[in-house]
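Here the structure comes first, spelled out in structure tokens, and everything after it is commentary.
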Amino acid sequence: MRFKTLLIFTSAVMAAVVTAPLFAQKKTKPGHTPKIVNIVNFIRDIEPRDASITKDVLYQTVVNQIALMKQYHLGGTFLLQYDALIDKRYQELLKTLPKDEFEIGGWWELPQPLIEKAGIKWRGKYAWDWHSDIGFSVGYTPAEREKIIDVYFADFKSIFGYYPKSIASWVIDAHSLNYMYDKYKIVASANCKDQVGTDGFTLWGGYWNQAYYPSRLNAYMPAQHADKQLPVPVFRMLGSDPIRQYADGSSVTTLEPVYPHAGGNEQWINWFLQTFANDSSLGYNYTQAGQENSFTWDAMKKGLEWQMPVIARLRKQGKVRVETMAQSGEWFKRTYKVTPATTFTVSRDLENSDKKTVWYNSRFYRTNLLWENGTLRITDIHLFNETVPDKYLNNVTTVNQSFFYTLPLADGFQWGKRGKPEGFRLMMNDGGGEVPVQGGDPVFTNLNTTTAHASWPVGKGYFEINMSEKSLTITAKNHPAGDWSLDLCIAEGAKTPFKQLTGNSALYEFDGHTYRLAMQQGTLEKATNGCLYRIRPQDQRVVLLLADQ
């Protein structure tokens, strides 16, 4: 979908960045957390936005993708939009792929032939129309969605002899996913990485990277309980930069090979795959490579030719597993009965940056801790609640936008400025003035299967930070800072769902849903420095309760 985005994106190519060699052990060590790579290419047979992108150009792009993957003995997943599904050239090409290495699944954008075969009037300007209300399931009623799904799955089976196991899309609604699982037993899905507004899609505040079991009521919202979840893992697409994609949430800084500042930049690729494979992770880590054929081979060739040998080398070294999406989905279901706790950490950023970060997810919340210039911000905390339905469970979008959200307690991107996220700042009183706490480099470890740990040296002491399934704990040891606090800061004029402090909790309201940040240890008070509020420690510790219950 990001054809238009690529044409207008103007960020300069990054300058010199880390190019350290990717040293690794030959075999996976016992207890090593899996690092899983899916190479996913989805296929369209129609590209009305550029007359030079003909059916032949689209087809040859896929031929070249397959050739490159075979060159490095890398399998993967090809997802077919319906117009490509019914094209005999793609059928013949994909049927030649070894079934133990490659998977054929569905790409859930909805072109004219599919809609009309389902008995629904086509409202698009072209035979494939990329607008949310026309080309995606959220633009159709639940009953219409079922008809569309039945047509696609029946035709897929008539061509390949089986139903697809994986269905992915930039956005997909809960009703469609429920129907695909209940009737056709899909085993994996995928949606777009978090972004605000790009190409008309907003997905913000969800399980960051990796995969989750969604609520039966909300395809974007992780469920908290097995009896309320749809047992189909939803993987996050595109391989997001853990630092810049969030800070620049309306741009694209991902592993997609067409972007010269990211997945099309050799230095960025080496840095990203190195931190993905080598830095600490809780549970497992996941990334997705590949590209839609609409971008054409000329645009993606260089980036893919850099990426594939690195991925192949990491696999040979035992640092990553390369799987189809269905294989990863089946592994996930065997391994996890509910959505697991996971992390994605960065201990060394690109050259000329000292940023470090950890993203922590559980089935109850997500959070991001960011260190920059020796200071710490908790840029993001979003709560998850399986009872909150997505906007399209029973309704349709009538505009060229779709919106999927969770429940923000701190939203550094939305409440800050682009490239400079705000959030909870760790502050201290220094001779009557408030200053950020200054320290060294954090060290990331795991305490158990659900708890991630960051140890941050400050002065002669340190702060210990534990992220567990329902809480976040910060403990000061050996007096690292005097009179310290967490201050929730926002940019001037930023709008937030925060309402008031009540008792020892902070009350919020978002999209008609009321929720709160509660304290198990520590006290809440009004801030005096222009921030929303302040958290003070009790006995040198704060414990935030992070479950919307």
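The values are calculated or read from the model by the stated rules, or taken from the named source; none is laboratory data. Every value quoted in this text rests on a predicted model; they were computed, and no experiment measured them. Every residue, glycine as well, gets a Cβ built from its backbone with ideal geometry; the counts of neighbours run over all protein chains shown. Just the protein is used for accessible areas: all its heavy atoms, side chains included, with ligands, DNA and RNA removed. Shrake-Rupley method; radii C 1.70, N 1.55, O 1.52, S 1.80 Å.
Here are the numbers for the structure shown:
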{"item": "Radius, Kirkwood style, for region 332-413 when every pair of distinct Cα atoms is counted (Å)", "result": "15.5 Å"}
{"item": "Surface share of carbon and sulfur [accessible, 1.4 angstrom probe, percent] for region 279-321", "result": "48 percent"}
{"item": "Length released on extending from Lys95 to Ala51, taking residue separation times 0.36 nm less the Cα-Cα span", "result": "13.0 nm"}
{"item": "Inter-probe distance in nm under a simple model that places probes 7 Å from Cα toward Cβ, at Leu507 and Arg536", "result": "2.2 nm"}
{"item": "Potential extension, Lys70-Arg313 segment - 0.36 nm per residue separation minus Cα distance", "result": "86.1 nm"}
{"item": "Degrees, to the nearest 10: 55-71 long Cα axis against longest axis of the chain", "result": "60 degrees"}
{"item": "Charge dipole magnitude, Cβ of K and R +1, D and E -1 - the chain, Cα centre, debye nearest 20", "result": "1080 debye"}
{"item": "Accessible-area composition of region 75-173, carbon plus sulfur, in percent [1.4 Å probe]", "result": "52 percent"}
{"item": "Cysteines not pairable in the chain (beta carbon separation under 4.7 Å absent)", "result": "Cys192"}
{"item": "Cβ-based net charge around Gly206, under 10 Å, with every Lys or Arg adding one and every Asp or Glu removing one", "result": "+2"}
{"item": "Paramagnetic reach from Thr528 in region 470-512 [backbone N under 19 Å; point 7 Å along Cα→Cβ]", "result": "482-490, 501"}
{"item": "Cβ-based charge dipole, the chain, positive-most Cα from Ile104, Phe403, Thr528", "result": "Ile104"}
{"item": "Accessible surface of Cys489 - all protein chains present, 1.4 Å probe, nearest 10 Å²", "result": "20 Å²"}
{"item": "Net charge of Cβ neighbours under 12 Å - reference Glu464; Lys, Arg +1; Asp, Glu -1", "result": "+2"}
{"item": "Cleavage-rule hits, chymotrypsin sites (Phe, Trp or Tyr not before Pro), region 178-242, DSSP coil, Cβ neighbours within 10 Å at most 13", "result": "none"}
{"item": "Difference of contour (0.36 nm per residue) and Cα-Cα distance, Thr335 to Gln549", "result": "74.4 nm"}
{"item": "For a label point 7 Å along the Cα-to-beta-carbon line of Thr375, residues of region 427-458 with backbone N under 19 Å", "result": "427-442, 456-458"}
{"item": "The chain: angle of helix 297-316 to the longest principal axis, Cα-based, in degrees nearest 10", "result": "70 degrees"}
{"item": "Mean accessible surface per residue for region 342-478, computed with a 1.4 Å probe while every protein chain stays in place, in Å²", "result": "37 Å²"}
{"item": "Residue-normalised accessible area of region 126-190, given per residue in Å² at a 1.4 Å probe", "result": "29 Å²"}
{"item": "Positive minus negative residues near Leu376 (Lys, Arg vs Asp, Glu; Cβ under 10 Å)", "result": "+2"}
{"item": "Mean separation of Cα contacts under 8 Å (6+ apart) over length of the chain, as relative contact order %", "result": "15 percent"}
{"item": "Gyration tensor verdict on region 423-493 (Cα atoms; rounded if a/c is under 1.5, prolate if a/b is larger than b/c, oblate otherwise)", "result": "oblate"}
{"item": "Helix-only CD estimate at 222 nm, as mean residue ellipticity for the chain, using -39500 (n - 2.57) per DSSP H run (n ≥ 4)", "result": "-6500 deg cm²/dmol"}
{"item": "His73, His131, ranked by accessible area, largest first (probe 1.4 Å)", "result": "His73, His131"}
{"item": "Relative contact order of region 208-322, defined on C-alpha pairs under 8 angstrom at six or more residues apart (%)", "result": "22 percent"}
{"item": "Mean separation of Cα contacts under 8 Å, 6 or more apart, over the residue count of region 89-208: relative contact order %", "result": "22 percent"}
{"item": "Charge-dipole axis of the chain as Lys and Arg at +1 and Asp and Glu at -1 on Cβ define it, positive-most pick from Gly433, Thr496, Thr342", "result": "Thr342"}
{"item": "Region 243-296 shape via C-alpha gyration tensor axes, a/c threshold 1.5", "result": "prolate"}
{"item": "Solvent exposure ordering (accessible area, 1.4 Å, most first) of Leu217, Leu546", "result": "Leu217, Leu546"}
{"item": "Ranked order, Lys477, Lys355 - accessible area, probe 1.4 Å, largest first", "result": "Lys477, Lys355"}
{"item": "Radius of gyration and Dmax over the Cα atoms of region 271-333, both given in Å", "result": "13.3, 38"}
{"item": "Spherically averaged projected area of the chain from its Cα convex hull (nm²)", "result": "24.1 nm²"}
